[in-house]
1. Filter the stretch 64-82 down to the residues that are touching a residue at least 60 places away in the same chain (Cβ under 8 Å), farther than 20 Å from residue 166 by Cβ and in a loop (DSSP other than H, G, I, E, B) and list them by number.
2. Can you tell me which of (1) in contact with a Phe, Trp or Tyr (Cβ under 9 Å, 6 or more places away or on another chain); (2) part of a loop (DSSP other than H, G, I, E, B); (3) at pLDDT 95 or above; (4) aliphatic (A, V, I, L, M) is the one residue 148 doesn't meet?
3. Taking the residues in the stretch 65-82 that are touching an Asp or Glu at 6+ places or on another chain (Cβ under 9 Å) and near the ligand (Cβ under 10 Å from one of its atoms) as candidates, determine which candidate is farthest from residue 18 (Cα to Cα).
4. Say whether the condition of being over 19 Å from residue 9 (Cα atoms) and in contact with a helix residue (DSSP H, G or I) (Cβ under 6 Å, 6 or more places away or on another chain) is met by at least one residue in the stretch 73-83.
5. May I ask you to list pairs of residues, at least six apart or on different chains, whose Cβ atoms are under 7 Å apart, with the first in the stretch 108-133 being surrounded by 15 or more Cβ atoms within 10 Å (Cβ to Cβ) and the second being part of a helix (DSSP H, G or I) and modelled with pLDDT under 95?
6. Which of the following residues is surrounded by fewer than 18 Cβ atoms within 10 Å (Cβ to Cβ), at pLDDT below 95 and acidic (Asp, Glu): 78, 93, 63, 47?
7. Provide a single number: the residues in the stretch 3-46 that are within 9 Å of the ligand (Cβ to nearest atom) and acidic (Asp, Glu).
8. Of all residues in the stretch 152-197, how many are part of a helix (DSSP H, G or I) and either surrounded by 13 or more Cβ atoms within 10 Å (Cβ to Cβ) or modelled with pLDDT of 95 or more (or both)?
Amino acid sequence: MSKILVTGGFGYVGSRLVPHLLSLGHDVRVLDLMLYTGAGLEALQADPKWPEWEKRFALVRGDLRDAEKVRAALTGRDTVIHLAAISNDPTGDIDEVLTRQVNFDAVGMLLALAKEAGVKRLINASSSSVFGARTESEINEQLEPEPLTFYSKYKALSEWLVLSAAGPEFCAVNVRPATICGYSPRQRFDLTVNKLTADALRKK
Ligand SMILES: NC(=O)c1ccc[n+]([C@@H]2O[C@H](COP(=O)([O-])OP(=O)(O)OC[C@H]3O[C@@H](n4cnc5c(N)ncnc54)[C@H](O)[C@@H]3O)[C@@H](O)[C@H]2O)c1
């Protein structure tokens, strides 16, 4: 059993990941500002397995940019799954400073505090959008990122923070998911397949 901190654990991905981790027997703590309501938390508490999960779950409601909240959330954790972010291109373009603070600066602080707290393993959710719009027929991990937006630029830069923090005592990796689709208690309709599905239903 791992003691896991999931940042952004009640967003679209986290609201599906957290019950999955609990069902695997892990101890799960979530750090989240709950920007998109408490739908993920409510779904978790409505799950028939909640009475069993409750003793292995905790929520720290707070901002990833707040060192004291992050320290509190990291205490006693061996693993971090970092999901919290300004999480799409249009939102990231509204305020570059906010996007940089959350998607880059705060990742540096999280890494430093995680090492200080004795965390052994960190998985950082970057994004396939770091590749930008490409003309090559084959896009693979060997290509240099060419981010086009503030969201993808700060995701790409945060990958370097993660790689430079990694070492023998601290296994830190970046993942670059493509656009995800499907249901989550915190539903996103800005994602391509979800939006097409919603438009097909509502607009015929
Ligand atoms: N959903 C996708 O298709 C996709 C694809 C590639 C990468 N990603 C990445 O995966 C991660 C999760 O994506 P998602 O779809 O669940 O996003 P989401 O926007 O649904 O969830 C992000 C969560 O982070 C929280 N958050 C935002 N700023 C915060 C802050 N300053 N402090 C604390 N919490 C904060 C929000 O309240 C929210 O619950 C993100 O980093 C995103 O960039 C997602």
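1. So the first thing to find is which residues in the stretch 64-82 are touching a residue at least 60 places away in the same chain (Cβ under 8 Å), and the list is 73-74, 76-82.
From what's left, farther than 20 Å from residue 166 by Cβ: 73, 76.
If the condition is that a residue be touching a residue at least 60 places away in the same chain (Cβ under 8 Å), farther than 20 Å from residue 166 by Cβ and in a loop (DSSP other than H, G, I, E, B), then 76 is the only one that fits.
2. (1)
3. Only one residue tops the list, namely 65.
4. First pass over the stretch 73-83, keeping only residues over 19 Å from residue 9 (Cα atoms): none.
No.
5. 129/89
6. Numbers: 78 fails: at pLDDT below 95; 63 fails: at pLDDT below 95; 47 fails: at pLDDT below 95.
Checking each option against the conditions leaves just 93.
7. Matching residues across the stretch 3-46 total 1.
8. Looking only at the stretch 152-197, we keep the residues that are part of a helix (DSSP H, G or I), and these are 152-165, 192-197.
Pick out the ones that are also either surrounded by 13 or more Cβ atoms within 10 Å (Cβ to Cβ) or modelled with pLDDT of 95 or more (or both) and you get 152-165, 193-197.
So the count comes out to 19.
The values are calculated or read from the model by the stated rules, or taken from the named source; none is laboratory data. Not measured: the values here are computed from a predicted model. Every residue, glycine among them, receives a Cβ derived from its backbone with ideal geometry; neighbour counts consider all protein chains shown.
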